[in-house]
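To start, the structure under review is shown below, and the notes come after it.
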Amino acid sequence: MASRITSGARLCVRASIDKLVCNLSRNRHHNAVAAGVETAAVRRGSDRLLQCYQKQLNRIRSDHQRNHCRRYTTLQDTDTDSLSSIDPYRLLDDDLRDVYTDITRELELNTNQDELRTIATYYFDGQGKALRPMVAILMAHAINYHMNNNGLDKKQREVAMIAEMIHSASLIHDDVIDQSDFRRGKPSVNALWSHKKVAMAGDYILAVTSMMIARLNHNDVTITLSQIITDLVQGEFMQLGSKETENERFAHYLTKTYRKTASLIANSVKAEAMLAGADDQLVDVSFEYGRNIGLAFQLVDDLLDFVSSKDAMGKPTAADLKLGLATAPVLFACEKYPELNAMIMRRFQEPGDAERAFELVHKSQGLEQTRFLAKKHCLEATRLAGKIAESPYQKSLLVVPDLIVNRMK
């Protein structure tokens with residue numbers, strides 16, 4: 001590292017994390033990884049990478065900041081008891097009920113190729129988590145209430161559909177790249193159709209989303225949503241490579257994670273705020289909320305790859321190691337087990353590499369440290385949601401971080 005974190009700064013970071021753990025641990029179910037309080041070893045292990053971590057997050061943030069100063073008020077402690085009964089999906093039942101049906105209709109109307117229709121609509125069967133459209137519509141409603149707008153605009157709902165379509169197109173392309181056989185509890189598109197047809201189906205979904213974006217007739221929203229696709233492609237390219245040093249590797253991982261996962265959520269909620277007529281400050285609050293939710297979601301996803309089951313996840317576990325990918329649990333485990341560095345550089349290709357890495361991650365504090373960082377992002381998302389006027393939708397935005405950090409699939 002170029003410099004060390006001062007003891008004062010370290011204490012501030014730890015104080016924030018202690019508050020986070022307290023807030024997010026109250027009234028929730030603990031699994032084996034999250035059981036009990038965070039240990040001092042987790043904190044010590046996290047300190048060494050915190051400066052690199054924060055520097056990289058600040059760089060991502062600066063790319064999207066406006067040319068004005070932003071001052072955030074301190075969010076008062078959230079009363080988790082009052083939020084425990086809130087279910088964002090139930091609140092949005094009317095808005096989400098026909099999302100997949102409407103997406104399917106868009107895809108079917110724009111082609112007369114039956115097989116293309118079948119492949120392109122394969123993952124829109126309602127079996128996904130629908131996290132992205134849920135968060136997008138929640139933010140749209142919350143900002144509308146904040147702005148005294150009337151209800152959900154049709155264009156805002158279409159942004160939620162576009163977000164889910166881009167996500168599903170990326171899954172289809174991932175299936176080709178990773179040669180996956182199983183996703184969402186059923187055979188993947190890659191296992192049922194040829195690579196060429198599957199790749200073209202993914203391209204087709206993106207083409208239809210481009211038409212839908214054009215229909216929004218909003219230049220800033222068009223640029224914002226197009227950035228998602230640009231980031232996705234760059235993230236996929238980054239995933240094909242690695243870095244020599246531990247700090248470079250962690251920065252590489254964070255940037256890749258933002259581009260592949262967090263950018264979609266961040267920019268879709270940003271677009272929702274733009275369509276609501278929000279000012280720059282509120283647009284930035286929306287973007288930052290989505291960015292933190294997206295990063296937390298992927299960190300938990302990377303953790304679950306080591307601790308969940310195929311039945312729970314709906315896809316094979318330990319898949320990242322088998323694909324040669326070093327995610328946060330592995331990168332943190334390197335601190336205690338340096339032998340992982342050589343495995344990372346050869347992408348776990350030698351016999352026994354994946355199995356040995358899996359074992360070392362479980363022997364290290366890597367899983368706890370990964371959840372630790374996910375909680376840190378959840379706290380920041382909660383703080384940001386507190387800047388939006390109170391409403392049932394804003395309260396649901398406060399609940400989403402807890403859903404993220406406690407999910408099991």
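The values are calculated or read from the model by the stated rules, or taken from the named source; none is laboratory data. Only a predicted model underlies this, so the values are computations on that prediction, with no experimental measurement involved. We place every Cβ from the backbone using ideal geometry, glycine too, and count neighbours over all the protein chains shown. Ligands, DNA and RNA are stripped out before the accessible areas are found, and what is left, the full protein with its side chains, is counted by its heavy atoms. Shrake-Rupley method; radii C 1.70, N 1.55, O 1.52, S 1.80 Å.
As a size descriptor, the averaged projected area of the C-alpha convex hull of segment 210-352 was calculated at 10.4 nm². Normalised by the number of residues in segment 88-407, the mean separation of alpha-carbon contacts (under 8 Å, six or more apart) gives a relative contact order of 20 percent. Computed from the Cβ-Cβ distance with R0 of 35 Å, the FRET efficiency linking residue 339 to residue 179 stands at 0.80.
At an R0 of 41 angstrom, the distance between the Cβ atoms of residue 93 and residue 219 translates into a FRET efficiency of 0.80.
Distance cut-off 23 Å, Cα to Cα: go down the list 154/256; 243/336; 186/243; 260/363; 129/363; 186/375 and report the pairs above it. Listed pairs above 23 Å: 154/256; 186/243; 260/363; 129/363; 186/375.
For segment 88-407, the solvent-accessible area of protein heavy atoms averages 38 Å² per residue (probe radius 1.4 Å; ligands and nucleic acids excluded).
Per-residue surface analysis assigns residue 303 an accessible area of about 0 Å², computed on protein heavy atoms at 1.4 Å probe radius.
Highest mean first, the peptides 379-388, 232-241, 174-183 sorted by other C-beta atoms within 10 Å per residue fall in the order 379-388, 174-183, 232-241. Each Cα pair under 8 Å and six or more residues apart adds its sequence gap; the mean of these over the residue count of segment 262-399 is a relative contact order of 27 percent.
For segment 88-407, a simple Cβ point-charge model (Lys and Arg +1, Asp and Glu -1, everything else neutral) yields a dipole of about 260 debye relative to the Cα centre. Take the Cα of residue 211, step 7 Å toward its Cβ, do the same at residue 153, and the gap between the two points is 2.3 nm.
Rounded if a/c is under 1.5, else prolate if a/b is larger than b/c, else oblate: which is segment 88-407, with a ≥ b ≥ c the root eigenvalues of its Cα gyration tensor? Since a/c reaches 1.5 but b/c is at least a/b, the shape of segment 88-407 is classed as oblate.
Roughly how many nanometres apart are two label points built 7 Å out from the Cα toward the Cβ at residue 186 and residue 389? Inter-label distance under the simple model: 4.2 nm.
Accessible surface of residue 248, taken over heavy atoms with a 1.4 Å probe and every protein chain present, rounds to 100 Å². Rounded to the nearest 10 square angstrom, residue 226 shows an accessible area of 50 square angstrom against a 1.4 Å probe.
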